[in-house]
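Peer 1: This structure is in structure tokens; I'll ask about it shortly.
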Amino acid sequence: GSLLHLEDDLRGGPRYVMLATIRAFALEQLTRAGDEDETRQRHAAYWVAFVEQGYPNHFGPATGIDRRLQQLEKELPNLRAALAFMAEAGNADGVLRLAGALAVFCQLRSHLHEGRQWLEWALAHTVEVQTDARCRALVGFGLIRWAQGEYEQAAPLVHAALAIADQIGDTEIVAHAIHVLGLIEERQQRWEQAELLLEQALGLWRALGAQEQLLEVVAGIVLAQALQALP
């Protein structure tokens with residue numbers, strides 16, 4: 001048998017996957033050669049770039065959201081290894097970037113506790129600067145806390161994200177933050193505010209060319225709200 005087996009990657013191209021035993025052997029050789037740190041750094045950098053490229057809908061219509069989530073699920077051991085390595089190496093900014101980009105995945109695939117732990121750690125260990133990575137992590141943390149039913153705690157995180165995103169002109173994160181604020185209002189049965197926010201998010205997602213799947217989800221929530229709000 002070959003040491004590598006073929007799988008389809010995210011973009012439909014071939015991807016060679018090294019068998020776990022061979023991977024372990026290769027890592028052992030690298031450790032002996034003293035190159036382990038550099039290899040792990042490259043590995044972590046690769047996964048940060050890979051995940052950020054798909055946040056939250058940077059991929060074309062050919063790649064469904066479900067397929068993207070399955071891909072990330074399959075790569076969880078790699079993603080965990082990258083997060084652990086960066087945390088051990090004191091690269092909190094790297095953890096912030098990766099955990100923030102993974103928040104939507106963690107919420108949709110119910111890795112809430114794990115996603116929350118990484119985001120909490122990264123936000124506590126990084127400087128409060130106005131970057132897309134920080135507001136992505138804040139809105140992601142808010143989304144996870146919303147999913148855990150902590151609406152009062154989620155809202156300030158998302159508002160903080162929105163303030164940064166407005167300041168740095170990141171429309172995508174503005175759309176995401178307004179979307180999450182709408183979801184928070186909806187769960188608290190504040191229909192009017194929820195509908196206003198979700199209408200606004202829907203308009204922004206549309207302008208950004210978001211995938212139909214995402215637009216249908218937001219539009220569906222907006223419609224449900226409007227119907228519930230009727231006397």
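Peer 1: With the requirement that a residue be under 15 Å from residue 48 (Cβ atoms) and open to solvent by 20 Å² or more (accessible area, probe 1.4 Å), what does segment 83-101 give you?
Peer 2: Selection gives 84, 85, 87, 89, 91, 93, 97.
Peer 1: Among the residues that make up segment 61-82, is at least one of them surrounded by fewer than 15 Cβ atoms within 10 Å (Cβ to Cβ), modelled with pLDDT under 75 and not aliphatic (A, V, I, L, M)?
Peer 2: Yes: one or more hits.
Peer 1: Checking residue 194 against (1) among the small types (Gly, Ala, Ser); (2) on the phi > 0 side of the Ramachandran plot; (3) touching a helix residue (DSSP H, G or I) at 6+ places or on another chain (Cβ under 6 Å): exactly one of these is not met. Which one?
Peer 2: (2)
Peer 1: Is it the case, given these coordinates, that residue 136 is in contact (Cβ under 8 Å) with a residue 12 or more places away in the chain and of a type in the set (Lys, Arg)?
Peer 2: yes
Peer 1: Turning to a different aspect of this structure: Quick check on segment 188-231: of everything there that is polar (S, T, N, Q) and not in a helix (DSSP H, G or I), which residue is most open to solvent (accessible area, probe 1.4 Å)?
Peer 2: Going through the qualifying residues, I end up with 189.
Peer 1: Filter segment 116-139 down to the residues that are over 17 Å from residue 91 (Cβ atoms) and of a type in the set (Asp, Glu), then identify the one that is surrounded by the fewest Cβ atoms within 10 Å (Cβ to Cβ).
Peer 2: 128
Peer 1: Being open to solvent by less than 10 Å² (accessible area, probe 1.4 Å) and in contact (Cβ under 8 Å) with a residue 12 or more places away in the chain narrows it down to one residue among 174, 104, 180; which is it?
Peer 2: Answer to the selection: 180.
Residue by residue, here is whether (1) among the small types (Gly, Ala, Ser); (2) closer than 18 Å to residue 167 by Cβ; (3) over 12 Å from the mean Cα position of the chain (by Cα) holds:
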| position | (1), (2), (3) |
| --- | --- |
| 120 | no, no, yes |
| 125 | no, no, yes |
| 129 | no, yes, yes |
| 133 | yes, yes, no |
| 136 | no, yes, no |
| 144 | no, no, no |
| 149 | yes, no, yes |
| 152 | no, no, yes |
| 155 | yes, no, yes |
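The values are calculated or read from the model by the stated rules, or taken from the named source; none is laboratory data. Bear in mind that the values here come from a model prediction, so they are computed numbers and not experimental data. Positions of Cβ are generated from backbone atoms using ideal geometry, with glycine treated the same way; all protein chains shown enter the neighbour counts. SASA here: full protein model, heavy atoms, side chains in, ligands and nucleic acids out. Shrake-Rupley method; radii C 1.70, N 1.55, O 1.52, S 1.80 Å.
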